[in-house]
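Below: one structure, written as structure tokens.
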Amino acid sequence: MAEKMGILGRKLGMTRVFAGDGAAVAVTVIEAGPCPVTQVKTVQTDGYNALQIALTAAREKHVTKPLQGHFAKAGKGLFRHLHEIRLNGEPEQQLGQELTVAMFAAGEVVKVTGKSVGKGYQGRMRRWNFAGSKDTHGCEKVHRNNGSVGNNTFPGHVFKGRKMAGHWGNETVTETGLLIVDVRPEDNVILVKGSVPGPKNGLVLIRKQ
Amino acid sequence: MDIIRKIEQENMRMDMPAFRSGDTVKVHLRIVEGEKERIQVFQGNVIRIKRGTTNATFTVRKVSDGVGVERIFPLNSPFIDHVELVTQGRVRRSRLYYLRALKGKAARIKPRGRF
């Protein structure tokens, strides 16, 4: 349950850089932080240890009155996104303290959580790479159909988890084992090797592993 | 987007000579063997330049002992020590794949003259 320390960020896109040894590496550029701590939760006050962090400044008209009062305690302005990170021990951070990308270093391994690109309602061929049926040779009306979904009397039902057509993407995905190629505190930017879930400008959570 | 452009800008090298398809170039490569580093030269015709930022590449073709050899180099790779422009060639297209089918005298490229 307890998570490692992390930071919220925005996926900016991908590019290719040359690593220290000269090898070309595909990287995802993530603009992360600074994330102010908007609430510190401890066992005494809330029954568990956690940090609540925020990202992206928001205008007053976009934030409800109760949330405005909540943000006023930290005194760092209003924000669009909030996320709670549960911790094992009591948090060292203070209310209002800002988390920055400086907490990470190049060469570290992290996991990144984001909401995957939504692909809508998709058939089995696209969603699960099914082969489909023939286009010709007497094949009629079933070119992209699903085919058989199971047996008859035994077991008498379709097993759960059967791969079928349905909504694809737009779900929370965590990519683990991602290497940090570079950290640029002056731009609040982290370069992570490989791809991370979500569209450009999508909200991501980077956590230590 | 600007941050990405900035990162790419830092990863690009500005010391490359302006060569084109059809030119003959000497690519001086840094080869690391264990501890030692040495320079290897690959000379041939540029038959393709794939433009871009950090992922730009160029292909150099040479005929070595009657066997055509093509190498694709990342234009901004730190493994390239430097590129020397030997001669400029006059060609009418940017992708010189037709050279692969030609041999000997037919595979020559005319030098680019000044008008």
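Please treat every number below as a calculation from the coordinates, not as lab data. Small disclaimer: the values here were computed from a predicted structure and weren't measured. Virtual Cβ from ideal backbone geometry, glycine too; neighbours counted across all protein chains shown.
What the table below lists for this structure:
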quantity	calculated
Projected-area mean, chain B, by convex hull of Cα positions, square nanometres	9.6
Exposure proxy ranking, count of Cβ atoms within 10 Å, fewest first, for A:His157, A:His143	A:His157, A:His143
For the stretch B:61-115 and the stretch A:137-209, distance of Cα centres in Å	44
Förster radius 30 Å - calculated FRET efficiency between B:Ala18 and A:Asn201 (Cβ-Cβ, nearest 0.05)	0.25
Three-way shape label, the stretch A:73-209, alpha-carbon gyration tensor, a/c 1.5	prolate
Distance between modelled label sites at A:Val43 and A:Arg86, nm, 7 Å Cα→Cβ extension	1.5
Distance between the stretch B:1-32 and the stretch A:5-80 - C-alpha centres, whole angstrom	36
Loop-located trypsin sites (Lys or Arg not before Pro) in the stretch A:28-124 whose Cβ has at most 11 other Cβ within 10 Å (DSSP)	A:Arg59
Neighbour cut-off at most 11 other Cβ (10 Å), DSSP loop, GluC sites (Glu not before Pro), the stretch A:54-136	A:Glu92
Average silhouette area of the stretch A:1-143, convex hull of alpha-carbon atoms, in square nanometres	15.3
Cβ-derived FRET efficiency at R0 45 Å, B:Ile31 paired with A:Arg126, nearest 0.05	0.50
Backbone N within the stretch A:119-133 under 13 Å of label point (7 Å from A:Lys160 Cα along the Cβ vector)	none
log₁₀ of I(q)/I(0) at q = 0.06, 0.10 Å⁻¹ - the protein assembly as shown, Debye sum with one point per alpha carbon	-0.40, -0.86
Distribution of pairwise C-alpha distances over the stretch A:134-209, 5 Å bins, in %	3, 9, 13, 13, 10, 9, 9, 9, 9, 7, 5, 3, 1, 0
Relative contact order %, the stretch A:1-137, counting alpha carbon pairs below 8 Å whose residues are six or more apart	25
Rounded FRET efficiency, nearest 0.05, which uses the C-beta distance separating B:Lys103 from A:Lys119 and R0 of 51 Å	0.50
Candidate lysines for bridging to A:Lys163, where Cα separation is under 29 Å - those fewer than 8 sequence places away on the same chain excluded	A:Lys111, A:Lys115, A:Lys119, A:Lys134, A:Lys141, A:Lys200
